[in-house]
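Worksheet: one structure, shown below.
The values are calculated or read from the model by the stated rules, or taken from the named source; none is laboratory data. Since we're looking at a predicted model, the values are computed, not measured. Methodologically, a virtual Cβ is constructed for each residue, glycine included, from the backbone with ideal geometry; neighbour enumeration extends over all protein chains shown.
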Amino acid sequence: MFEELQSIVSFPTKTGLGIVMNILVAFICGYLISWVYRRSYQGPGYSISFVNGLVLLSMITAIVITVIGNNLARAFGLVGAMSIIRFRTAVKNIQDIIYLFFALAMGMAAGVGLYSIAFIGTFFVGGAIYLFSKSTLSMPRKEEYLLQFNFLSSNDKKPPYQAVLDKYCKKHTIINVKSISEEDLLELSYYVKLKDIDKSQNFTKDLRKSSGVQYVNLFFDEEQF
């Protein structure tokens, strides 16, 4: 029964040239994956180490699969050895997890010598990710901004900045009030929906001119005004 199970996962033992080809194909696929990541990433700044890690992950996966070959005992041994590794860095973005699995899958395909699957998979999956990142159809339009500013309280029933909020905003909801000094200086945070997004800079300028208002920041989709 062991021999039957072993035959299911068996593939030819690689020569020196075959090993080099496995690693080279994994490198090319990993580099293409990292290129797609750089082109499609929409955050404030991607990590260079993560981008380089995608290439290295593909190559290392190909080497591991080549080492395992058709030896089940070696495969179980490597699983046991790899289980002692603890990854301390949390991956918060689901997109980054997808890229990690993408690099692993292409490295595995290269490691078993399925070069056509590696290249075709990289092309189609990478192309799909790139198209999704550039398409606005799959992304809901966000209309809410995060507004943060400091305000020196003057004990007025209606604060001076309220008129500016009413002028530029369809809706504004306060989400946080924080005292940052003993002189009644408050840090205020609002969710706001602007009447006209194109007037966001005018909004922040007028808000800064309001009595007692300092350090106005308006955030939307990782951008700051």
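Could you please find all residues in the range 98-113 being surrounded by fewer than 24 Cβ atoms within 10 Å (Cβ to Cβ) and within 24 Å of the chain's Cα centre (by Cα)? ILE98, LEU100, PHE101, PHE102, LEU104, ALA105, MET108 - these are the residues of the range 98-113 that are surrounded by fewer than 24 Cβ atoms within 10 Å (Cβ to Cβ) and within 24 Å of the chain's Cα centre (by Cα).
Taking the range 19-37 as the search range and keeping residues that are over 15 Å from THR122 (Cβ atoms) and surrounded by 13 or more Cβ atoms within 10 Å (Cβ to Cβ), which one is modelled with the lowest pLDDT?
ILE19
Per-residue answers, yes or no, for (1) in contact with a Cys (Cβ under 7 Å, 6 or more places away or on another chain); (2) part of a loop (DSSP other than H, G, I, E, B); (3) in the same structural domain as LEU24 (by TED's automatic domain parsing); (4) at pLDDT below 75:
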residue: ILE63; (1), (2), (3), (4): no, no, yes, no
residue: GLY80; (1), (2), (3), (4): no, no, yes, yes
residue: ARG88; (1), (2), (3), (4): no, yes, yes, yes
residue: ILE97; (1), (2), (3), (4): no, no, yes, no
residue: ALA105; (1), (2), (3), (4): no, no, yes, no
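Name every residue in the range 144-194 that is modelled with pLDDT of 80 or more and of a type in the set (Gly, Ala, Ser), in order of residue number. Residues satisfying the conditions are ALA163, SER189. Within the range 25-37, residues that are assigned to a helix (DSSP H, G or I) have Cβ atoms under 8 Å from residues that are surrounded by fewer than 24 Cβ atoms within 10 Å (Cβ to Cβ) and of a type in the set (S, T, N, Q) in these pairs: ALA26/THR61; SER34/ASN52, counting only partners at least 6 apart in sequence or on another chain.
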